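For reference, the structure discussed in these notes is given below.
Taken together, the values in this text are just the output of simple stated rules run on the coordinates, not laboratory data. Worth saying up front: this structure is predicted, and the values here are computed from it rather than measured. Using ideal geometry, Cβ is built from the backbone for each residue, glycine included, and neighbour counts are taken over all protein chains shown.
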Amino acid sequence: MPSDPTMTDKELDGIYAFAVQLGKDAGKMLLEAAQLRFSGGGQPPQEFVEKDNAVDIVTKTDEEVEAFIKTSIAERYPHHNFIGEETYSKSPSRAYLISPTSPTPTWLVDPLDGTVNYTHLFPMFCVSIAVVIAGQPIIGVIYAPFLNQLFTACRGRSAWLNETQRLPLILEPAVPPMPRNAPGGCIFACEWGKDRRDGADGNLRRKVESFVTMAAEATAKDRKGGMVHGVRSLGSATLDLAYTAMGAFDIWWEGGCWEWDVAAGIAILQEAGGLVTTANPPEDYATAEIEEVSLGSRLYLAIRPAGSSESESGRQGQERVVREVWRRVRELDYTRPGV
């Protein structure tokens, strides 16, 4: 059900359908811009501008796609709020802009997540569109046009791949439970992130240490080795979440993301039956209550949808894996500038 009690199901369905079509149209723009670069038309190399550092970049395509999405929403829903990555990046304010109580829908948009991938024509890039009400992502649309993969979800209406295949993909005979020896047997997704400062105990060092611990054999790292099946880094937090909802990734652990990086993915993952909580382990990680993460925390740990086993429910399995990840990772420090 929608978080806003004044919104009817018909109205929510209308917003959902509009968001899905908007994602398709924006994704088509991304694909056409990419195709111009390898069509033999003599297009110049993709130009970009650095924002905070050399891996935090923006292209003309980012800005053009965001302008298209913003204009389209303003024409259809003039009273809705809009926050886009590029619009926000140019603002002098870095305050938290999502109200946890406002019933007015807020559109959170990343016009091109995976910009570095896009500039290299690595296919893991996408458009991400979310609708947030009272601080909760209730609609998510992620379209990776190079891969022809469209992920969509609306609260209470299931999550879908290409509008026909329900997520997670493995549903018959049942959604698989989490592995008994998790994180062993799991695919672990992570990202290097944009904070590349190589301080003695900075985020980069803490991430690398955590990656190694998750990958190492079980007897290593003071017997904390995770011995995961594999470690994957797509270069797109949005697609990391989509693939976790799909069940292709079992675990995603990351810090430093902004709301537009994760809102659509969280909506899709939660609707598929996944769990999203904080990346940072509490001191009492073995017994602490596991709460759904707050949008805007910048710290995320996601677990794929899971079925029941003979010994535990799907949720119990997810929470067990959360604690096993917390036991192996370092605390990250990602504060919100200006807060």
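Let me check against my output: what whole-number percent is the relative contact order of the chain, with C-alpha pairs under 8 Å and at least 6 apart? Numbers along the way, then the final one.
Details: 704 pairs, mean separation 55.8, N = 339.
In percent, rounded to a whole number, it is 16.
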Legend entry - Average silhouette area of region 112-225, convex hull of alpha-carbon atoms, in square nanometres: 10.9
Inset, instruction - Specify the angular offset, from 0 to 90 degrees and rounded to the nearest 10, of the alpha carbon long axis of helix 237-246 from the longest principal axis of the alpha carbons in the chain. - result: 60
Inset, instruction - Rounded to the nearest Å, what's the spacing between the alpha carbon centres of region 161-225 and region 304-337? Just the number, please. - result: 10
Legend entry - Gained length - T71 relative to E331, 0.36 nm times residue gap less alpha-carbon distance: 89.6 nm
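Report, as a whole number in µm² per second, the diffusion coefficient that Stokes-Einstein gives for region 187-326 at 10 °C and 1.306 mPa s using the Kirkwood radius over alpha carbon pairs. Don't skip to the answer; put the middle values down first.
Values: Rh = 15.3 Å.
In µm²/s, the coefficient rounds to 104.
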Legend entry - Crossing angle, helix 203-215 versus the chain [Cα axis fit, 0-90 degrees, rounded to tens]: 60
Inset, instruction - Give the angle, between 0 and 90 degrees and rounded to the nearest 10, that separates the Cα long axis of helix 60-76 from the longest principal axis of the Cα atoms of the chain. - result: 70
Legend entry - Phi-based couplings in Hz for region 317-332 (Karplus 6.51, -1.76, 1.60; Gly and Pro marked x): x, 4, 5, 4, 5, 3, 5, 5, 5, 3, 5, 10, 10, 8, 5, 9
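Would you please put 246-258, 312-324 in order of how densely packed they are, using the mean number of other Cβ atoms within 10 angstrom per residue and starting with the highest?
The peptides rank, most packed first, as 246-258, 312-324.
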